[in-house]
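What follows is a set of notes on a single structure, which appears directly below.
The values are calculated or read from the model by the stated rules, or taken from the named source; none is laboratory data. Being a predicted model, the structure only gives us computed values, none of them experimental. FYI the Cβ positions are ideal-geometry reconstructions off the backbone, even for glycines, and counts take in every protein chain you see. The area values use the complete protein model at the heavy-atom level, side chains included, leaving out ligands, DNA and RNA. Shrake-Rupley method; radii C 1.70, N 1.55, O 1.52, S 1.80 Å.
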Amino acid sequence: MKSLIIFGSLLCLLVCEISVEAETLKTPKKAPDFTLKNVEGENIRLSEQIGNVVIVHFWATWCGPCREEVSLLKSFYDKYHLLGFKVMGVMMNKEPRKAVNFVKKLELGYFNMLDVEHATARIYDVEKLPTTFILDRDGMIRYKHIDFKSAYKDIYENEIRQLLKE
């Protein structure tokens, strides 16, 4: 009986941990537009990406789950960018120089911009890192993910593929 209670508790923890952090928006909403400087110093505007499926990824270099998710997003970008898929990393580091150096070493290939004052993060109500929004080709937020777990890989890929087909 004791082992059954322990098993049930562990199963509940596992299921709760995976399901609480992902959200499919029942009613998609327009993604707030923003303009930020990328690591090369160029202004990048979200609304210029209309027509593409876009991931807006709020992260920081000091965040372990963020760094893990960045690798996954790079693989998706490499796989789907020719089909109209973009990734926009919004870095929330307080030390821009370190963040820029980190991103340049990774050679991600996709946009990474600095949000040192966290103004864009506030517009998106980001409370925890990483937070990832997946937008359809019309700039509507369709999915939101808070935190990152390797179990999200298949979920992300299914969402991206679905939106690319639309």
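General remarks:
- Only a single item in (1) surrounded by 14 or more Cβ atoms within 10 Å (Cβ to Cβ); (2) at pLDDT 95 or above; (3) in contact with a Lys or Arg (Cβ under 8 Å, 6 or more places away or on another chain) is not met by Gly51, and it is number (1).
- Among the residues of segment 116-132, those identified as surrounded by 13 or more Cβ atoms within 10 Å (Cβ to Cβ) and either in contact with a Pro (Cβ under 9 Å, 6 or more places away or on another chain) or on the phi < 0 side of the Ramachandran plot (or both) are Val116, Thr120, Ala121, Ile123, Tyr124, Val126, Leu129, Pro130, Thr131, Thr132.
- Tally of residues being open to solvent by 50 Å² or more (accessible area, probe 1.4 Å), assigned to a loop (DSSP other than H, G, I, E, B) and at pLDDT 95 or above across segment 133-161: 2
- Inside segment 98-115, residues that are open to solvent by less than 20 Å² (accessible area, probe 1.4 Å), among the hydrophobic types (A, V, I, L, M, F, W, C) and either closer than 15 Å to Val56 by Cβ or not in a helix (DSSP H, G or I) (or both) make up a count of 2.
- Boolean, Thr61 is farther than 28 Å from Leu164 by Cβ, open to solvent by less than 40 Å² (accessible area, probe 1.4 Å) and in contact (Cβ under 8 Å) with a residue 40 or more places away in the chain: yes
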